[in-house]
1. Compute the long axis of helix 138-157 from its Cα atoms, compare it with the longest principal axis of the Cα atoms of the chain, and write down the angle in degrees, 0 to 90, nearest 10.
2. Determine Rg/Rh for the chain; Rg is computed over alpha-carbon atoms and Rh is the Kirkwood hydrodynamic estimate from the same atoms.
3. Enter the accessible area per residue of the chain (Å², integer; probe 1.4 Å; all protein chains in place).
4. Can you give me the Cα centroid spacing of the range 151-171 and the range 96-119 in angstrom?
5. Can you give me the pair-distance distribution of the range 109-193, C-alpha pairs, 10 Å bins, whole percents?
6. Helix 101-121 versus the longest principal axis of the chain: what is the Cα-based angle in degrees, 0 to 90, to the nearest 10?
7. Go ahead and estimate [θ] at 222 nm for the chain from helices alone: -39,500 (n - 2.57) per DSSP H run with n ≥ 4, summed, over the residue count, rounded to 500.
8. Would you kindly calculate the mean projected area, averaged across all directions, of the convex hull enclosing the Cα atoms of the range 86-131, in square nanometres?
Amino acid sequence: LSITSLIIVCAVIILRTFFTVDETTYIIVTQFGKPVRTIAGAGLKIKWPWQSLIAFEKRLMVYNPKPSEFLTRDKKNIIVDNYVCWRIADPNKFLQTVSDLTGAEMRLHDTVWASAAAMIGNTDLSAIVSTKPEDVKMPVVMGQVTEQCRTRALEQYGIDIVDVRMKRLNLPTQNRESVFARMRAERERIARQ
């Protein structure tokens, strides 16, 4: 009976000491809730049996927030549906500031929404929606949003925002008719010429 229990105890200690790290994850080894070390390399690793592991994804992730309504410089409302491509750059800062994916998405939403509201608020509707492709400035605006958000998220949360892109642009029902009327007038002017 004692040999069997000794073998079981040894097996448990071995299982709690050795662990593997996948190449797609960061591992943070914690001791009594405090981070002790971060492991980024893949392979077989060793820890003390009383230490715990927290795993974070290393790969690119996509956050799809709900469409948001923004006000342009010329006081027109638009509804922007965008997405954010991001990854964890600093797992220790990420653990300390947001702790999990849900917290990260909340911070991403706040950061991206504030930056997008500021950039779209400094852009006229005619630079966002136009019949002339050379007049459309939305890719430039979203590029500026990406750069602003990347800097802020990296220093505050340890998150690297790779890209912020727009999936769809829509107009609230009260704005659609005025935009369509302006587009019709522009087409009629071109047809008369």
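1. Helix 138-157 sits roughly 30 degrees off the main axis of the chain.
2. Rg/Rh for the chain comes to 1.25.
3. I get 61 Å² per residue for this part.
4. The distance from the Cα centre of the range 151-171 to that of the range 96-119 comes to 8 Å.
5. Per 10 Å bin, starting at zero, the Cα-Cα P(r) for the range 109-193 comes out as 15, 39, 26, 14, 5, 1 percent.
6. 20
7. -14500 deg cm²/dmol
8. 4.4
The values are calculated or read from the model by the stated rules, or taken from the named source; none is laboratory data. Quick caveat: nothing in here was measured; it's all calculated off a predicted structure. Heavy atoms of the whole protein, side chains included, go into the accessibility calculation; ligands, DNA and RNA do not. Shrake-Rupley method; radii C 1.70, N 1.55, O 1.52, S 1.80 Å.
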